[in-house]
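The values are calculated or read from the model by the stated rules, or taken from the named source; none is laboratory data. All of these numbers come straight from a predicted model, not from anything done at the bench. Virtual Cβ from ideal backbone geometry, glycine too; neighbours counted across all protein chains shown.
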Amino acid sequence: MRTNKLMRLLLAVMLFSSITSATAANELKENVTLSEFLNEISAKHEVFFTYNPTLVSTTSLNPEEYKFPVLDKIINKLERKTSFDFEYLGNKYYVVYHKKPERAKVLKINSTVNGISATTLNKVVQNSISGKVTDDSGMPLAGVNILEKGTTNGTTSDFDGNYTINITDDTKLVFSYIGFATQEISTLGKNVINVQLSEGMQLDEFIVVGSRTAPRSNADTPLPVDVIGAKDLSSTGQATFDKALQYRIPSFNTVQTPVNDATSLLDPYEIRNMGPSRTLILINGKRKNLSALLYTQTSPGRGETGADISAIPTDAIKRVEILRDGASAQYGSDAIAGVMNIILKDSPNEGSATVRTGITSEGDGEMFGVALNNGSSIGEDKGFINYTIDLSKVNQANRPGTVNAAGEAADFGASIADVQEFLSRRPDAGNINGSPETAAAKFSVNLGYDLSENTSMYGNAAYVYKAVNSFANYRTPYWRTVDDFPYLADFFPGDNPNTAGGYDGYVPTFEGELSDYNATIGFKSVINDWNLDASFTTGGNTQTYKVNNTHNRNVVYSPSTWVDANGNGVVDDGEITEGSELYRENSQQSFDPGGTKFSHNVGNIDISRLLSDKVSIGVGAEFRTETFEVIEGELASYDGGGADSFAGASPQNAGKFNRYNIGGYLSLDYDVTDAFLLSGTVRTENYSDFGNAFVYKFSSRYKVSDAFTLRGSISSGFRAPTLHQIYTQKAQYSFVPGQGIQVGGLINNVSTQAKLLGIPQLDAETSTNFTIGFGGKIDNKFSYTFDYYNIAVKDRIVLGSEIGPSGDATNPLDILLTNNNLSDVSFFSNAIDTKTSGIDVVLAYKGIEIGEGNLDLNLSGNYTIQNERDGAVKDVPLVANSGQSVVNETQEALFFTSRPETKWILGANYDINKFGFSLNNTYFGKTTFQQQGLDNNLFTEFTPKIVTDLGINFSATDKLTLALNINNLLNVLPEWSFKSKNAAGDAILADAAQTQNQSNLITFNQRYSQMTYDGYHFSQLGTMFNLSLNYKF
């Protein structure tokens, strides 16, 4: 019996042992590393985990224990079962780090290792290091990885930025954090180490722009993308977003003109010399509406329109992604040169208030602004809302030249003595040009909310109001004379001793008001591993104008009236009352010339999925409606020619115009290996007004190592003509060399006048883009990229040069000009094909230890290899037969040589203790112009210049930061000179009188002597001092 019992007991033990072994084997087989598990749930729940791979390499788990449908339950169990904490940073990012020191100590006290208690182990520790980690502004950084170099011993900073780590010997600590430069600091002789991390790209950030499948890190994208953080933008000290980019991105340029009418509301900008119409602007990945303004000045950007990026509050921006490559296949029209994606701040628990003030070295252009940015959680951390309010006022800055008397007398047929007398009192002829008075109020909000485990809602909205007060050219008493207009003595009395009523001329004012809004609401869901994104976006821009201190000088009579006094039905003597003059001495002095308005509504559906570890797919569709409106002015603003300085929109030229388009795309990414990526996208689009377009893009990346990656792309693109370009028709006051300000006409391509002149309707531009480049990171400190680009555009849309009369009175062109009292006429056409190529370079070296501080260096540049017309100009016969062209030498220069041939930015940032210093030098290369009216044997060349900006930051406390920026430290101003093309040009330059005459022609007799009438790429205001105070809460 005992034997049987013993046998049964032995059998039970063997069976239990077998089961236990099998279970253990299964568990061992099912266990995965923590990093593998995080990758799995990252793909499933569309979240991102940031961690130090060394710290988690020894931890494994059984995923069967974590099969919860809700992500929060998975995270909670991971925190209970492992030695790690998971901290949510917002925007679906988690930081993974070792438990806080106080929690770790509880675990250590009750543990033993090889029979030695944790207490004994602690005695072995030779040094305990503690400290605090902050950013450049002194704000605590939570979740910073702190690792003892060469070991797996590490910890992480807590919510207040504090940390404690025990080390076994004097060594180095490595501090790393997503979006910030990694630092290594020696512990020798130290017990407390406080660290200030600088923003950078050391840990991979996910780049949204340029991909219609899953986002990729900046190191893995096959496309050239610049990422600019909020700190980089604010450190420039520039008042607006577009000007900040000018001094951060070499391939980005914006033009500043001395003319201050409607153009004051939008300075043209561009990427790779392609004009604002060919750069698509996105906000959080959704299309931003265009401005209502069509830029018609004879300066770079002529004939273009684009989104008003200057209206976006800088304090609302988290980062900016700039794709320097054609992307029509991914995003549709307007992305020929590239895409700018503005990512808004999404922090739920950070806020700041900023006060800014500034002034020029001349004592004008005073600026004052207040901005507030704040965030808050929604519900139990299910969502966030982040909002920004930015209010600012910039006073006028005036930089007129000293006017030349001989040029004035010649242009206006005036007595030289009268001109000299006036200029002796007003050397600048009363002109006001430089930078106008501007007031702006900007509001922005960004939000997100998790509706369920698989569905979230997101949205953003912004509204901007901007008011500009500026001036037209001063009407001198010998330009608008009391002999021609006797009533001016009553309208504008002055202190001129030589004229009736002391009339001394007048300066018309121009007051513009801009309203811009955009809003998006969308939903994201994950259904059976498919990522769905459905959204609706709306936006609009309205610009209206007022003109004051002027008059309507045209002879226009009211209609005659007949009163049949005796009822005989016959016109008898005395029954007709002749019409009276409506204007001149009866003119009003304030006018409402109308304005323009643009709006769009966009619906998007985007679907993507990771089909496998190697293949991802994206499909989507977009429907968009656009409306452009020319707002009619009041009768007196346009009647007979309209107000002197700025004519209003007549009923014939006003109206509301609409179109719609629908498009769809298919995108496929194939990771052949971890190093080799192939990506392709095709798109088709249908426009209601010009038909279909089909475009494609193929790109690839081969990553040899972190130190070297090769990438390239080839694509086709298209750009639909904007509604502004199709329908704008107006009379326009513009400078004509040797004749002062004249009235010209802009006729649209669907008008009766266009048909009479044989002007065809506009078609879409098409393009072919090719980009190849390489880059990499070395020792996680030095990074570099080199990219070559080539853009060929067919049927490029241009606003042609002003076409004057042919001399044949029977010519339809001459008849049109005579009947409308116009000096010339211009119009849009698909006039040229162009080729543009160049090289972009970005170099950065971060984390250089100098003394107790760290130095970061960066050098970036753009060099234009080719930017020229390809083939003959496509002139309409009427223009060609008159011996003229819509693209003359003036236009050629505006399109191709008026941008810097090369532009480089060399920057240095040095952070030490509570101070931060930045020194940036921007080199603007040579540009050449052929200004309207300039002798064909000459051209003008702007001398290459270096603009130096200095910034000093002082973190007075963890919350309070003061910043001083001195922009254009050395007071560098645009400088130009004449250059000769041949012997005839040499002869002109050898004659001082002829040279002076040529200079007068292109500067309106020296009114615009600093940068000519065409403007330039950096300001003529000189040195600017800016002081800001930022308080974080």
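Quick test of your reading of the structure: Leu344 fulfils all but one of (1) over 26 Å from Thr957 (Cβ atoms); (2) free of Cβ contacts under 8 Å to residues at least 24 places away in the same chain. Name the failing condition by number.
(2)
Kindly establish whether Glu380 is farther than 20 Å from Leu266 by Cβ, free of Cβ contacts under 8 Å to residues at least 24 places away in the same chain and assigned by TED's automatic domain parsing to the domain that holds Lys288. Explain how you work it out, then say what you get.
Numbers: farther than 20 Å from Leu266 by Cβ: yes; free of Cβ contacts under 8 Å to residues at least 24 places away in the same chain: yes; assigned by TED's automatic domain parsing to the domain that holds Lys288: yes.
Yes: the conditions hold for Glu380.
Quick one: which strands (runs of 3 or more DSSP E) lie wholly within the range 897-1002 and hold at least 2 residues that are in contact (Cβ under 8 Å) with a residue 60 or more places away in the chain and among the β-branched types (Val, Ile, Thr)?
Ranges flagged: 902-912, 960-967.
When you go through Gly951, Gly985, Gly933 one by one, which is the residue that is small (Gly, Ala, Ser), farther than 20 Å from Arg399 by Cα and in contact with a Pro (Cβ under 8 Å, 6 or more places away or on another chain)?
On inspection, the qualifying residue turns out to be Gly933.
Within the group Leu451, Leu514, which residue is surrounded by fewer than 19 Cβ atoms within 10 Å (Cβ to Cβ) and either at pLDDT below 95 or over 24 Å from Tyr1008 (Cα atoms) (or both)? Please lay out each step first, then the result.
Values: Leu514 fails: surrounded by fewer than 19 Cβ atoms within 10 Å (Cβ to Cβ).
Going through Leu451, Leu514 in turn, just one is surrounded by fewer than 19 Cβ atoms within 10 Å (Cβ to Cβ) and either at pLDDT below 95 or over 24 Å from Tyr1008 (Cα atoms) (or both): Leu451.
Given the conditions (1) within 30 Å of Leu813 (Cβ to Cβ); (2) within 24 Å of the chain's Cα centre (by Cα); (3) among the aliphatic types (A, V, I, L, M), report the number of the one that Leu906 does not fulfil.
(1)
In the range 537-552, how many are surrounded by fewer than 20 Cβ atoms within 10 Å (Cβ to Cβ), over 22 Å from the mean Cα position of the chain (by Cα) and not β-branched (Val, Ile, Thr)?
3
Considering only the range 834-870, how many residues are surrounded by 17 or more Cβ atoms within 10 Å (Cβ to Cβ) and within 25 Å of Gly933 (Cα to Cα)?
Looking only at that region, the number is 3.
Checking Ile41 against (1) surrounded by fewer than 16 Cβ atoms within 10 Å (Cβ to Cβ); (2) at pLDDT 75 or above, which test does it fail?
Among (1) surrounded by fewer than 16 Cβ atoms within 10 Å (Cβ to Cβ); (2) at pLDDT 75 or above, Ile41 violates only (1).
Pick out the one residue from Ser716, Ser699 that is in the same structural domain as Val602 (by TED's automatic domain parsing), of a type in the set (S, T, N, Q), in a strand (DSSP E or B) and buried (at least 22 other Cβ atoms within 10 Å of the Cβ).
Only one candidate qualifies: Ser699.
Provide a single number: the residues in the range 687-696 that are touching a Phe, Trp or Tyr at 6+ places or on another chain (Cβ under 9 Å), assigned to a strand (DSSP E or B) and either surrounded by fewer than 16 Cβ atoms within 10 Å (Cβ to Cβ) or among the hydrophobic types (A, V, I, L, M, F, W, C) (or both).
Matching residues across the range 687-696 total 3.
Let me confirm something: among Val526, Val571, which residue is farther than 28 Å from Phe1004 by Cβ and in the same structural domain as Gly642 (by TED's automatic domain parsing)? Give the derivation first.
Details: Val571 fails: in the same structural domain as Gly642 (by TED's automatic domain parsing).
Just a single option satisfies the conditions, and that option is Val526.
Every residue, every condition in (1) assigned by TED's automatic domain parsing to the domain that holds Gly1022; (2) at pLDDT below 95; (3) surrounded by 22 or more Cβ atoms within 10 Å (Cβ to Cβ), yes or no:
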site	(1), (2), (3)
Lys914	yes, yes, no
Asn920	yes, yes, yes
Lys926	yes, yes, no
Phe929	yes, yes, yes
Gly933	yes, yes, no
Thr943	yes, yes, no
Ile946	yes, no, no
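Which of the residues spanning the range 607-662 are among the hydrophobic types (A, V, I, L, M, F, W, C), more than 22 Å from Val547 (Cβ to Cβ) and part of a strand (DSSP E or B)?
Ile607, Leu610, Val615, Ile617, Val619, Ala621, Phe623, Phe628, Phe657, Ile662, listed by residue number.
Restricting the range 754-803 to residues that are out of contact with any Leu (no Cβ under 6 Å at 6 or more places or on another chain) and in a helix (DSSP H, G or I), which is surrounded by the most Cβ atoms within 10 Å (Cβ to Cβ)?
Across the range 754-803, the extreme among qualifying residues is Ala754.
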